[in-house]
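Undergrad: Quick one: the structure is below, questions incoming.
Just so it is clear, none of the values below were taken in a lab; they were calculated from the coordinates. Keep in mind the model is a prediction, meaning the values are calculated, not measured. Cβ sites come from the backbone with ideal geometry, for glycine too, and all protein chains shown count toward neighbours.
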């Protein structure tokens with residue numbers, strides 16, 4: 001099969017951020033400025049901020065035309081979208097425009113989506129979890145007949161529609177759990193049921209992740225990273241986690257244990273910051289990224305399934321930020337402001353049983369999604 005590379009068949013540019021200290025670069029702007037969090041679906045047309053012509057002309061930002069493929073190269077790697085408007089991006093996003101008539105936009109979009117695991121594996125070997133434009137330009141693209149490309153795209157779009165329907169089922173299950181939680185416990189910040197409370201950090205201890213020293217010939221170990229928070233709220237099978245090669249085994253304090261809760265501490269996508277999940281690694285050595293915080297509970301008056309759901313409520317997420325659901329960085333000082341209602345243990349266990357039953361249904365749906373994704377193989 002013939003191959004080309006992105007560098008040979010596309011023009012590739014990175015975005016930029018106008019100086020925040022220059023009001024004239026931002027105030028009354030009319031040019032959409034795209035961030036990682038705005039890449040939510042195949043076509044990208046939503047934005048949170050606008051920049052001015054001055055901001056565009058006095059920064060490394062570039063105005064990208066409609067139809068440009070967006071690809072994230074920093075922090076959250078491998079997210080792909082097709083720009084549905086004219087817009088600029090920040091430096092975490094590369095803009096790709098096809099110059100080779102043998103390649104269609106939709107085909108390249110799906111091909112780049114298929115590279116997500118690959119790009120995350122190579123990105124994890126870098127302290128800042130990123131790739132550069134040279135690496136992206138070196139990606140090889142299989143060159144196949146345009147009619148075959150169109151056929152592949154048609155199949156993938158059908159699969160994606162099926163996956164979207166199943167993901168909607170998962171969202172409905174999440175809403176069911178949220179509704180059950182509020183019915184049983186109410187808003188944990190308001191605590192209208194009048195249960196006594198305890199500070200979060202009086203019931204457990206936090207540990208920031210560390211930036212490890214990577215070594216291709218070193219020790220392989222499972223590593224929980226920021227990307228894993230998108231797909232899981234509970235990880236009880238470490239096979240779903242990627243491995244990293246380190247120059248030495250992390251010390252005990254950087255190895256996860258059953259019932260540890262882990263938070264996203266920092267990420268280019270602010271919507272991920274503060275997100276939490278619980279892990280059950282068993283006897284499999286598992287560490288966690290430097291962009292995370294590990295919380296280990298030692299208080300027997302509260303159980304993890306209940307505590308995790310408290311931490312996932314909108315009101316607690318807003319409490320973490322002090323101003324909204326999205327925060328720039330999470331730290332132990334912020335977590336120290338959280339006060340947790342302590343309902344009767346029997347009620348907590350009843351809720352945990354309910355979540356376990358719902359999670360069984362969620363697992364079955366996720367399994368079917370994985371099977372759908374495996375139906376499509378890139379030759």
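Undergrad: Quote the relative contact order of the chain in percent (integer), defining contacts as alpha-carbon pairs under 8 Å separated by 6+ residues.
TA: Averaging sequence separation for qualifying contacts and normalising by length gives 16 percent for the chain.
Undergrad: Hey, what's the Kirkwood Rh for the stretch 3-143 if you take every pair of different alpha carbons, in angstrom? Could you put the intermediate results ahead of the total?
TA: On the way: mean 1/r = 0.0654 Å⁻¹.
About 15.3 Å for the stretch 3-143.
Undergrad: Within a 10 angstrom radius of the beta carbon, how do 52, 99, 287, 104 rank from fewest other beta carbons to most?
TA: 99, 104, 52, 287
Undergrad: Then there's this: Where the centroid of each part is defined by its Cα atoms, how far is the stretch 74-101 from the stretch 219-250 in Å?
TA: Going from one Cα centre to the other spans 27 Å.
Undergrad: To the nearest 10 degrees, how steeply does helix 345-374 sit against the main Cα axis of the chain, on a 0 to 90 scale?
TA: 20
Undergrad: Related question: At 4 °C and a viscosity of 1.567 mPa s, what translational diffusion coefficient does Stokes-Einstein give for the stretch 196-342, taking Rh as the Kirkwood radius over Cα pairs? Give it in µm²/s as a whole number.
TA: Answer from the Stokes-Einstein relation: 83 µm²/s.
Undergrad: If you find the alpha carbon centre of the stretch 259-291 and of the stretch 152-212, how far apart are they in angstrom?
TA: Using only Cα atoms to place each centre, the spacing works out to 14 Å.
Undergrad: Under 18 Å from a point placed 7 Å out from the Cα of residue 298 along the Cα-to-Cβ direction: which residues of the stretch 234-265 have their backbone N that close?
TA: 252-262
Undergrad: Say R0 is 30 Å: what FRET efficiency, to the nearest 0.05, do residue 329 and residue 91 get from their beta-carbon distance?
TA: Working: r = 18 Å, r/R0 = 0.61.
Step by step, r from the Cβ atoms, then E = 0.95.
Undergrad: With a 10 Å cut-off between alpha carbons and a GNM built on the chain, which of 24, 346, 253 moves the most?
TA: Of 24, 346, 253, the most mobile in the Gaussian network model is 346.
Undergrad: Given R₀ = 30 Å, what would the calculated FRET efficiency be for residue 232 paired with residue 138, taking r from the Cβ atoms and rounding to 0.05?
TA: Rounded to the nearest 0.05, the efficiency is 0.45.
Undergrad: Follow-up. Along the Cα-to-C-beta direction of residue 176, a point sits 7 Å from the Cα; which residues of the stretch 327-371 have their amide N less than 12 Å from that point?
TA: 354-365
Undergrad: Okay, moving on. May I ask you to sort 164, 88 by Cβ crowding, counting other Cβ atoms within 10 Å and putting the fewest first?
TA: In order of increasing Cβ crowding within 10 Å: 164, 88.
Undergrad: Counting only helical runs of four or more DSSP H residues, what would the 222 nm mean residue ellipticity of the chain come to if each run contributes -39,500 (n - 2.57) and the total is spread over all its residues? All intermediate terms of the calculation are to be shown ahead of the outcome.
TA: Details: 10 runs with 123 residues, N = 379.
Value at 222 nm, helices only: -10000 deg cm²/dmol.
Undergrad: Thinking of the chain as a set of Cα atoms, what percent of all their pairs are more than 34 Å apart?
TA: Value for the chain (Cα pairs over 34 Å): 35 percent.
Undergrad: Using 0.36 nm per residue of separation minus the Cα-Cα distance, give me the extension gain between residue 184 and residue 217 in nm, one decimal. All intermediate terms of the calculation are to be shown ahead of the outcome.
TA: Values: separation 33, 0.36 × 33 = 11.88 nm, distance 5.13 nm.
Gain on stretching residue 184 to residue 217: 6.8 nm.
Undergrad: What distance in nm lies between label points placed 7 Å from Cα along the C-beta direction at residue 251 and residue 347?
TA: 4.1
Undergrad: Another one. Treat the count of other C-beta atoms within 10 Å as a stand-in for reagent exposure and order 275, 296 from fewest to most.
TA: Neighbour counts put them in this order, fewest first: 296, 275.
Undergrad: Taking the Cα atoms only, what angle lies between the long axis of helix 105-114 and the longest principal axis of the chain, rounded to 10 degrees?
TA: On a 0 to 90 degree scale, this one is about 40.
Undergrad: While we're here: Give me the angle, in degrees from 0 to 90, between the Cα long axis of helix 146-185 and the longest principal axis of the Cα atoms of the chain, rounded to the nearest 10.
TA: 20
Undergrad: Here is a follow-up. Summarise the long-distance tail of P(r) for the stretch 120-226 by giving the % of C-alpha pairs beyond 23 Å.
TA: 69
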